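Notes follow once the structure below has been shown.
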Amino acid sequence: MNSSIKNTFPESWVNVTLKDVGTSVTGNTPSTKDKSNYGAHLPYIKPPQLNNCLIRKSDEYLSAKGAALARILPAFSVLVSCIGNLGRTALNTAPVAFNQQINAVIPYEGLNPKFLFYQAQSHYVRSQLEEKSTATTISIVNKGNFEKVNLNLAPINEQHRIVAKIETLFAELDKGIESLKTAREQLKVYRQAVLKHAFEGKLTAQWREQNKDKLETPQQLLASIQQERQARYQQQLKDWQADVKVWETNDKEGKKPGRPRLINAPKINTERDFEVPAEWELMELGTLAFESILGKMLDKAKNIGLARPYLGNINVRWGAFNLDNLKSMKIEESEVERYSLESGDIVICEGGEPGRCAVWQNTGTPVFIQKALHRVRFTESYSSRFAFYYLTYSTPLERVIKHFTGTTIKHLTGTGLNKVQFPVCSLEEQLEIVNILEEKLSLIESLESEIYRQLKKSETLRQSILKKAFSGKLVPQDPNDEPASALLARIEAENATHAVNSRKTINKETGETTKQGS
C-alpha cells in the first residue's frame, strides 16, 4: 500500500498499486516471418483495438502453434496501451493473446475486474502513465513502472455498486453520443446532396427560369472567356518581351524569361462525364482556365535567386490554408510571375490527397507554390469559388478519380487535371450557386461544430463520472461493508500461501511434500 498518496477517498478505502491487485504481464509477438503462427485459433490484440471497450474477437488471430509462443490472458483481464497512445484500455471477455505494446493486469481473485477496468480509463491513471513514461519521442511505460501505478481500492460490495452505477450512466451517455454521431453522418450525406443538386442545376432551377431572358448562353460565355484569355495572353506576351530586353541589357544574367504558353481554344465536350441542364455546357479545365501550372521543383543544389516563402502540400487544407511556419526556397526574379499566387487562384494538391484545394486570398506577402501543388487561374467570367465547390463535390467521384495516376500512391498530374470536366453556366448563375452553397454549408458547419462541442462535453462528463466513482462520491457507502484493507489483507495472505505452495515439490517415491532447496 502506498501511504504517500493523499487520502481523498472514504476511510473504508485504501490506496494501492497495480502490483497489489493483480499480476502484470507484457505481451509479445510470435514471429511474423513464420506464417504458420497465425490462423484462426486465438484472438491476437493490438493497441488500436483498445478503445475503452469489452473485447472477445480480434482483427487478427494466432494459430495453435502461435498461441503456444504467445502470452495469453484469461478472461476479464485489464489491457492497457503502454507505448505511444498511453492509457487506451480494454477488458477481454474471453482468453486472448496480445502484443508487446500492451501491459495487462490479471486481477486477483476477490476483486471486481470491471472496477479496475473503469478506473484504468480515468484521468487519475492516465496522468500517472504519462508521468511514468521513459521515452521522449514515443511515450513508453515499462512493466516495472506500470506496476507502480496507484489505484483507489473500495470494499468489494461497493466495487459492485460503483460498476453498476457507472454502466447505467455510461449507457445513457453512449446513447446520446450515438445520436450525435448519427446526426454528424446525416449532415455529411446532406452536404454532399446539396453540392450534387448545385452542380446538376437543381439548386437554381427556379432562379434560372425566372432570369432566363437575362442570362448569357454558354456560347456567349465561352466567347467572353476566350476573349479574356486572349487579352491576358497578349499582355503576358508584352511583359515577356519587356523582360527579355531587360535580361539582354543585363548581359543575359540568370535564366532567360520563359515565353508564355499558347492558350488552347475553348472546346465543348461532346462525350460528357455527367449530365447538366440544357442551358449549361461541360468543358475540360485545360480549355476553360486561363492558366493551370505545377509549382517549382525543390532543388537546393540548383535553385538560385532570393529565398521566398512557399506553400507545400501540407499547407493546403480543404477550403483553407495553414500558413504557420512556411518554409522558403530560392526563386529567381524571372520565375516570380509563374510561381506566385494572386487572389482568386485555386491551389490544388497533386499528391497526398489529390484534388484537395482552397482559393487563395492575398496576405500582403508574396507567396509561391512548390511542385506538389497546381495553381489554376481563371478569367473574370468564371468564378474560382464556383470551381472550388465543384472540386469539393466531384473529387471523391469517378469523374475525377479516373484521372489519377499511380497504384498505391495516387497523383493528379497536370495532364489529368486539365482533362477534368467542369460545368459552365452564366457568371450570374455561378455566383448565385456560390451564394446559396455558402449559406447552406455555413449552417452545416455550424451544426457540425455544435456536435463536436457536445461530443467533447460528453467525454468531459465521462471523466467526471469516473472521478466521482473512484473518489467514493458516486454511490453511498454502507457501514456494514467489509473495509478494503481487510480485502487487501486477505488477498496478500492468499498470495503468500500460493507462493509457499508453488515452492513445494512431491517426492515421486514417497509421495511426501518437501520444500524446494531442502
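The values are calculated or read from the model by the stated rules, or taken from the named source; none is laboratory data. Remember, it's a predicted structure, so these values are computed and weren't measured experimentally. Using ideal geometry, Cβ is built from the backbone for each residue, glycine included, and neighbour counts are taken over all protein chains shown.
Observations
- Identification of helices (runs of 4 or more DSSP H) wholly contained in segment 385-495 with 3 or more residues that are more than 30 Å from Ala278 (Cα to Cα) and of a type in the set (D, E, K, R) yields 427-469.
- All conditions in (1) within 29 Å of Tyr233 (Cα to Cα); (2) surrounded by 19 or more Cβ atoms within 10 Å (Cβ to Cβ) hold for Ala469, with the sole exception of (1).
- Filtered residue count, segment 200-218, keeping only those that are in a helix (DSSP H, G or I) and free of Cβ contacts under 8 Å to residues at least 60 places away in the same chain: 3
- Test: residue in segment 160-167 that is touching a strand residue (DSSP E or B) at 6+ places or on another chain (Cβ under 7 Å) and not charged (D, E, K, R): no
- Hits in segment 368-387 - residues which are within 26 Å of Asn325 (Cβ to Cβ) and either crowded, with 22+ Cβ neighbours inside 10 Å or in contact with a helix residue (DSSP H, G or I) (Cβ under 9 Å, 6 or more places away or on another chain) (or both): Phe368, Ile369, Gln370, Ala372, Leu373, His374, Arg375, Val376
- Condition check for Lys245: assigned to a loop (DSSP other than H, G, I, E, B), modelled with pLDDT of 80 or more and under 30 Å from Gly305 (Cα atoms): no
- Within the set Lys65, Lys19, Lys46, Lys57, the sole residue that is farther than 21 Å from Phe76 by Cβ, surrounded by fewer than 18 Cβ atoms within 10 Å (Cβ to Cβ) and either of a type outside the set (Ser, Thr, Tyr) or under 32 Å from the mean Cα position of the chain (by Cα) (or both) turns out to be Lys65.
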